[in-house]
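Colleague: Sharing a structure here in structure tokens format.
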Amino acid sequence: MGRAAKIAPSILSADFARLGEEIRRVEAAGADLIHFDVMDGHFVPNLSIGLPVLESVRKITRLPLDAHLMIEEPGRYLEAFVKSGADSISIHAEVCPDLPEIARQIHALGIRAAVAVNPETPPDRVLAAAEHFDMILVMSVHPGFGGQSFIPETVSKLRVIREELDRRGLTLDVEIDGGIKLENIASVAAAGANVFVSGSGIFGQPDYAAIIAEMRDHLIDATVALR
């Protein structure tokens with residue numbers, strides 16, 4: 001695959017009655033980062049967690065926190081999310097007309113910048129500004145709710161994005177988010193993803209260490225198959 005594979009549990013699927021314990025468990029299980037979904041009820045038809053929860057999570061883990069802002073006008077909140085502990089921020093191409101500018105704003109705050117693209121949005125929208133970002137986040141479900149089924153057509157979009165990045169010599173991470181489980185993690189890795197967000201695929205399992213280890217085994221198999 002050429003880039004380090006990273007497993008990113010999405011705490012949207014965690015047990016919020018014991019969120020601190022859940023985060024410590026996935027950290028001990030070998031997760032590479034925590035995916036933190038923020039929804040505003042406007043850009044997506046749901047509400048979720050926000051700044052106070054992020055600040056609390058920051059206090060209990062050393063893992064990088066990737067704040068995925070599924071919100072309108074994300075530029076208004078960049079500084080607040082950084083102050084609350086985000087190590088990277090993912091904004092959506094669909095609500096940001098000037099992608100290079102918002103990438104510049106995020107970088108000016110000293111963190112990584114990512115651009116997300118919904119299933120119905122063509123890859124050209126993010127590829128046009130790819131050199132300004134550290135990561136492209138490809139949604140493999142329609143954003144707004146956890147536990148959805150993976151959209152198979154995403155695989156071809158992943159492949160187009162990774163091939164174009166490679167053609168241009170860009171070493172961005174490519175993250176996949178939505179319905180990622182054991183049965184499809186190898187196929188999306190083979191298509192070009194190297195950061196894998198999984199909610200119910202991890203938190204829906206009894207043994208987090210076992211499922212993350214098994215995911216890594218599948219990723220090794222995918223890497224060997226590409227050689």
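Colleague: Could you pull out the residue among Ala113, Ala130 that is surrounded by fewer than 22 Cβ atoms within 10 Å (Cβ to Cβ), of a type in the set (A, V, I, L, M) and at pLDDT 95 or above?
Modeller: Every option except Ala130 fails the conditions.
Colleague: Looking for something in contact (Cβ under 8 Å) with a residue 40 or more places away in the chain, under 16 Å from the mean Cα position of the chain (by Cα) and within 23 Å of Ala113 (Cα to Cα) - is there at least one such residue anywhere in segment 161-169?
Modeller: Looking for residues that are in contact (Cβ under 8 Å) with a residue 40 or more places away in the chain, under 16 Å from the mean Cα position of the chain (by Cα) and within 23 Å of Ala113 (Cα to Cα), one finds none in segment 161-169, hence no.
Colleague: Please state which of the following conditions Ala189 fails to meet, knowing it meets all the rest: (1) without any contact (Cβ under 8 Å) to a residue 60 or more places away in the chain; (2) aliphatic (A, V, I, L, M); (3) part of a helix (DSSP H, G or I).
Modeller: (1)
Colleague: Kindly indicate whether Glu163 is under 21 Å from Arg3 (Cα atoms), of a type in the set (D, E, K, R) and either part of a helix (DSSP H, G or I) or touching a helix residue (DSSP H, G or I) at 6+ places or on another chain (Cβ under 8 Å) (or both).
Modeller: Considered against the rule, which asks whether it is under 21 Å from Arg3 (Cα atoms), of a type in the set (D, E, K, R) and either part of a helix (DSSP H, G or I) or touching a helix residue (DSSP H, G or I) at 6+ places or on another chain (Cβ under 8 Å) (or both), Glu163 comes out as yes.
Colleague: Another one. Filter segment 195-212 down to the residues that are touching a helix residue (DSSP H, G or I) at 6+ places or on another chain (Cβ under 9 Å) and closer than 20 Å to Ala116 by Cα and list them by number.
Modeller: Those that are touching a helix residue (DSSP H, G or I) at 6+ places or on another chain (Cβ under 9 Å) and closer than 20 Å to Ala116 by Cα: Phe196, Ser198, Gly199.
Colleague: Can Ala213 be described as part of a helix (DSSP H, G or I), in contact (Cβ under 8 Å) with a residue 40 or more places away in the chain and of a type outside the set (Ser, Thr, Tyr)?
Modeller: Yes: the conditions hold for Ala213.
Colleague: Right, another one. Which residue is modelled with the lowest pLDDT, if the candidates are limited to segment 133-149 and must be part of a loop (DSSP other than H, G, I, E, B) and buried (at least 19 other Cβ atoms within 10 Å of the Cβ)?
Modeller: Gly146
The values are calculated or read from the model by the stated rules, or taken from the named source; none is laboratory data. Bear in mind that the values here come from a model prediction, so they are computed numbers and not experimental data. As a convention, Cβ positions derive from the backbone with ideal geometry for all residues, glycine included, and neighbour counts pool all protein chains shown.
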